[in-house]
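Heads up: the structure comes next, in C-alpha cells.
The values are calculated or read from the model by the stated rules, or taken from the named source; none is laboratory data. What you see is a predicted model; the values in this text were computed from it and never measured. All Cβ positions, even for glycine, are placed from backbone atoms using ideal geometry, and neighbour counts span all protein chains on display.
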Amino acid sequence: MEIINIGNRVVNNYIISTDKGYIVVDTGYAGSYSRFLKGLKEHHISLPEICYIFLTHAHDDHAGFLNELIRDTKAKVIMHKESPARLLQGHNSYEGGCSNRLALFFVEIMGVLGNKRHEFPVVNIPENTFLFDGNPQFLREEGIGIDIIALPGHTADQIGLLTGDGILLCGDAAMNGFPGINRNIIWIESLPDYKKSWDRMIKSKAEYIYPSHGKPFPKKDLSRFRSKLEKIRLYKVLRYEKYSCPGGSSTHL
C-alpha cells in the first residue's frame with residue numbers, strides 16, 4: 001500500500017493507493033486546488049482514479065478545496081458524523097485553546113498576517129457521504145484493509161486511518177514540528193479527549209504516525225512524551241472572544 005504526500009511545508013496532503021482506487025486524505029487550504037492538481041499530474045494520477053475522499057476533521061487547512069474535489073470526481077466522501085454541521089459553518093471552532101505559549105504566539109501572529117477567523121468555503125455534503133460513528137468500518141466493508149479510528153481532542157470530529165502495515169494517518173491528533181512541542185498539536189478543543197486519543201494511538205498496532213503537519217515519526221515517540229500531556233494547560237486566544245456568542249460562550253465552527 002503506497003502513501004504519497006503532495007502537500008507542502010505547512011500541511012501534508014496524503015494520497016493512499018489501494019486496489020480499489022486512490023484515497024485522498026484531506027483537501028488543504030482554499031485556493032490550493034490547482035497546486036493539488038499539479039501534484040496529481042506529477043504522480044500520474046487522474047481525477048477519475050480517486051475513489052474516496054477522507055476528511056480527518058473540519059478545519060480550514062483540511063477542507064479548503066473539498067467542494068472542488070467533490071465536483072470533479074465521483075469519489076465517496078468519508079467523515080465523522082459531526083463534520084457536516086461544522087462544514088456548514090464555514091470556519092473553525094474556537095472551543096479550547098493553544099497547547100503552549102509558543103503556539104499561542106504563533107496563532108496570534110497568523111491572525112494578524114493571515115485568515116483571522118480560519119474561514120473556509122461552506123461545504124454541502126453529497127448524498128454518497130459515509131458518516132463515521134464508530135461502527136461500521138466502511139473501508140473494510142469496501143474490501144480495503146484500512147481501519148477508521150476515532151481520535152477526538154484536537155476537535156470532536158477528528159478521525160484517522162490505520163493501515164494493515166502499521167501506518168496511522170492521525171490528522172491533527174499529533175504534530176511533528178514548529179510550533180508544536182513534544183509531538184503535540186497546537187490547538188486542543190478537549191484536553192481529556194486528546195489524552196485518551198494519545199492512549200488509543202499508543203495501544204494501536206501502528207508502528208509509524210503520519211501527522212498532517214510535519215514528517216512521519218515512530219509511534220514510540222508518543223509513549224516517550226505521554227507524561228508531558230499532564231502538564232499541558234490551554235491558553236485562550238483573546239481575539240477570538242469577539243467571535244463568541246452573546247454571554248461569552250464559544251461558537252462552534
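A few remarks follow.
- Picking from residues in the stretch 180-232 that are aromatic (Phe, Trp, Tyr) and out of contact with any helix residue (DSSP H, G or I) (no Cβ under 9 Å at 6 or more places or on another chain), the one that is surrounded by the most Cβ atoms within 10 Å (Cβ to Cβ) is TYR210.
- Helices (runs of 4 or more DSSP H) contained in the stretch 1-107 and holding at least 3 residues crowded, with 20+ Cβ neighbours inside 10 Å: 83-89
- Candidates ILE144, ILE149, ILE125, filtered to the one that is assigned to a strand (DSSP E or B) and closer than 26 Å to ASN67 by Cα: ILE149
- When residues of the stretch 233-253 are limited to those that are in contact with a helix residue (DSSP H, G or I) (Cβ under 8 Å, 6 or more places away or on another chain) and surrounded by 12 or more Cβ atoms within 10 Å (Cβ to Cβ), the one modelled with the lowest pLDDT: LEU253
Conditions (1) in contact (Cβ under 8 Å) with a residue 40 or more places away in the chain; (2) exposed (fewer than 14 other Cβ atoms within 10 Å of the Cβ); (3) under 15 Å from HIS62 (Cβ atoms), marked per residue:
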position	(1), (2), (3)
GLU119	yes, no, yes
THR129	yes, no, no
GLY134	no, yes, no
LEU139	yes, no, no
ILE146	yes, no, no
ILE149	yes, no, no
THR155	yes, no, yes
GLN158	yes, no, yes
GLY166	yes, yes, no
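Results for (1) modelled with pLDDT of 95 or more; (2) under 21 Å from GLU2 (Cβ atoms); (3) in a strand (DSSP E or B), shown as yes or no for each residue.
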{"site": "PRO179", "(1), (2), (3)": "no, no, no"}
{"site": "PRO192", "(1), (2), (3)": "yes, no, no"}
{"site": "ASP199", "(1), (2), (3)": "yes, no, no"}
{"site": "ALA206", "(1), (2), (3)": "yes, yes, no"}
{"site": "SER223", "(1), (2), (3)": "yes, no, no"}
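- Looking only at the stretch 108-117, and only at residues there that are in a loop (DSSP other than H, G, I, E, B) and in contact (Cβ under 8 Å) with a residue 60 or more places away in the chain, the one that is surrounded by the most Cβ atoms within 10 Å (Cβ to Cβ): ARG117
To keep it simple, each residue is scored yes or no on (1) farther than 23 Å from ILE109 by Cβ; (2) out of contact with any Phe, Trp or Tyr (no Cβ under 8 Å at 6 or more places or on another chain).
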position: LEU161; (1), (2): yes, no
position: PRO179; (1), (2): no, no
position: TRP187; (1), (2): no, yes
position: LEU191; (1), (2): yes, yes
position: ASP199; (1), (2): yes, yes
position: SER204; (1), (2): yes, yes
position: ILE209; (1), (2): yes, no
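- Pairs linking a residue in the stretch 3-23 that is closer than 14 Å to CYS170 by Cα and of a type in the set (Ser, Thr, Tyr) to a residue that is surrounded by 15 or more Cβ atoms within 10 Å (Cβ to Cβ) and at pLDDT below 95, with Cβ atoms under 8 Å and 6 or more positions apart or on different chains, are TYR14/GLY7.
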